[in-house]
Amino acid sequence: MVVGRRFSSSVRALASAALALGVAGATVTPASAVGQPGAADGGAGYRPVPVVYDSDLDFDDAATLLYLCQADKQGLIDLRAVTVVNNGVGTPGRSLTHARTILAGCGLADVPVADGSPDWVNEPPPEARELFEQVLSGALGDADTPDVPGPTSAAELIARTVKAARTPVTVLATGPLSNVSAALDRMSPRALRDRLGRVVVMGGAFDVGGNLFGSTTGGFDNTQEVNMWIDPVAADHVLATVPRARVSVVGLDATNHVPITQDFVDQLGARATSYEARTVHAIVTQPGMPELIGQGVMFWWDALAAVSLVTGQGVDYRVRPVDVVLDGPSSGRTVSVAGGTPQRVGTTADGALFEDLFLDGLEGPQTARLAR
């Protein structure tokens, strides 16, 4: 694939901005083994927990969806719906197309999809959208596939899926929380209490610096993580509305421990036999990605949240009272303050364990079951 001048400049701009702003947050150091105990053993009577996946479908969201597809095929989860926001780092319209391409490649084309939330509070950098659109179109081979709108909105699909389920639905959200926030407003108090299970969120930064980057982040103090910063009002609504300790926040405090390394990429390439593993390898080896990986500014942000959800391992959580700063230079910052809503906050992660679980999960031979 020939890398155009504008594309190359986007890679350089993102790398420079990420390094200048300290996108990695705290220095990455090995974490101790701190996995969540007690995953279900999958014995008689086990039913996979229904899951809705909502994201902005950039490069690591795509890798996460591929991991979830394998988890569904292995009976570890029941992937009920896939939704995308149009106000994140993914490209509107194209993100929904990429989701359909991945699901079809995994043999799960019947999983319902929808998109929504075109508006942001703080604009994501357009150079990131350009870069990751090129990456995904190249890896997925769907550049010429027409973008077809979904039959319903993402918020409606999420709410309808939760309300119709016989057992509580887990929502995994790895982009701005706009769709999830709007879906909550479509649920009755009873549905929130009885039909919505956990909400696992990739977002936030509590005891580490933020990861803002790119041309639209001037005037902010980089105490915030990108997903929360794009729509802090939605993030605040989700954290305050979902019942106590049902939100698991996998923020930079944990994801700083799972950088994408060349060694991992090489291992993935050597082991990849499934469609899911081969496609993740294709994503992280597209033009532009090796340069960013070499700079140390790329992390498995979203995949860590998914692995924690599916296996119950890899992230150490603590219940903390949380809140979101809504405006000013710290807009989107997540804070732990008296009077905040008690939710589960990831404090660290085991990077080596995550890599093992993620690699195994993409190939399929997992033995863990979704933690209750």
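The values are calculated or read from the model by the stated rules, or taken from the named source; none is laboratory data. This structure is a prediction, so every number in the text was calculated from the model and none was measured. As a convention, Cβ positions derive from the backbone with ideal geometry for all residues, glycine included, and neighbour counts pool all protein chains shown. Side chains are part of the model used for accessible areas, which takes the heavy atoms of the whole protein and leaves out ligands, DNA and RNA. Shrake-Rupley method; radii C 1.70, N 1.55, O 1.52, S 1.80 Å.
How large is Rg/Rh for the range 242-372, to two decimals, with Cα atoms and a Kirkwood Rh?
1.03
Have a look at the DSSP beta bridges in the chain and tell me what percent are antiparallel, nearest 5.
Restricted to the chain, the bridges split so that about 35 percent are antiparallel.
Looking at the chain from every direction and averaging, what is the projected area of its Cα convex hull in nm²?
Value for the chain: 16.5 nm².
How do the peptides 225-231, 276-282, 307-313 rank, highest first, by the average count of neighbouring beta carbon atoms within 10 Å per residue?
Peptide ranking by packing, descending: 225-231, 307-313, 276-282.
Looking at the calculated P(r) for the range 140-232, what percent of the C-alpha pair distances fall above 23 Å?
Everything past 23 Å amounts to 45 percent.
So what's the Cα pair-distance distribution over the range 55-196, bin width 5 Å, in %?
Per 5 Å bin, starting at zero, the Cα-Cα P(r) for the range 55-196 comes out as 2, 10, 20, 23, 21, 14, 7, 3, 1 percent.
In whole percent, and with a 1.4 Å probe on the protein chains, what portion of the accessible area of the chain is carbon and sulfur?
Carbon-and-sulfur percentage of accessible area, whole number: 51.
Taking Cα centroids, how far is the range 310-351 from the range 75-93 in Å?
Value for the Cα centre distance between the two parts: 22 Å.
Rg(Cα) of the range 271-326 divided by 2.2 N^0.38 Å?
With N residues counted in the range 271-326, Rg over 2.2 N^0.38 Å equals 1.55.
With a 10 Å cut-off between alpha carbons and a GNM built on the chain, which of ALA305, ALA254, ALA182 moves the most?
Between ALA305, ALA254, ALA182, it is ALA182 that shows the largest mean-square fluctuation.
Please build a GNM for the chain, connecting alpha carbons under 10 Å apart, and tell me which residue among VAL180, VAL89, VAL135 fluctuates the most.
VAL135
Would you mind computing, in nm to one decimal, how far apart the modelled labels at VAL233 and SER188 are, each placed 7 Å from Cα along Cα→Cβ?
For the pair VAL233/SER188, the computed spacing is 2.8 nm.
Computed FRET efficiency, Cβ-Cβ of ARG244 and VAL148, R0 56 Å: what is it to the nearest 0.05?
So, using R0 = 56 Å, E works out to roughly 0.90.
Starting from the 7 Å offset along Cα-to-Cβ, what nm value, one decimal, do you get for the label separation of ALA338 and LEU326?
The answer from the label model is 2.2 nm.
With a 1.4 Å probe and every protein chain left in place, work out the accessible area per residue of the chain in Å², rounded to a whole number. Could the numbers behind the result be given before it?
Values: 13350 Å² over 372 residues.
For the chain, the solvent-accessible area averages 36 Å² per residue.
Please give the calculated 222 nm ellipticity per residue for the chain, where each DSSP H segment of at least 4 residues contributes -39500 (n - 2.57) and the sum is spread over every residue; nearest 500 deg cm²/dmol?
-12000 deg cm²/dmol
Among GLY339, GLY107, GLY314, whose mean-square fluctuation peaks in a Gaussian network model of the chain (Cα, cutoff 10 Å)?
GLY339
Report the extension gain between ARG166 and ASP221 in nm, rounded to one decimal, defined as 0.36 nm multiplied by the number of residues separating them, less their alpha carbon distance.
Extra length from ARG166 to ASP221 when fully extended: 15.4 nm.
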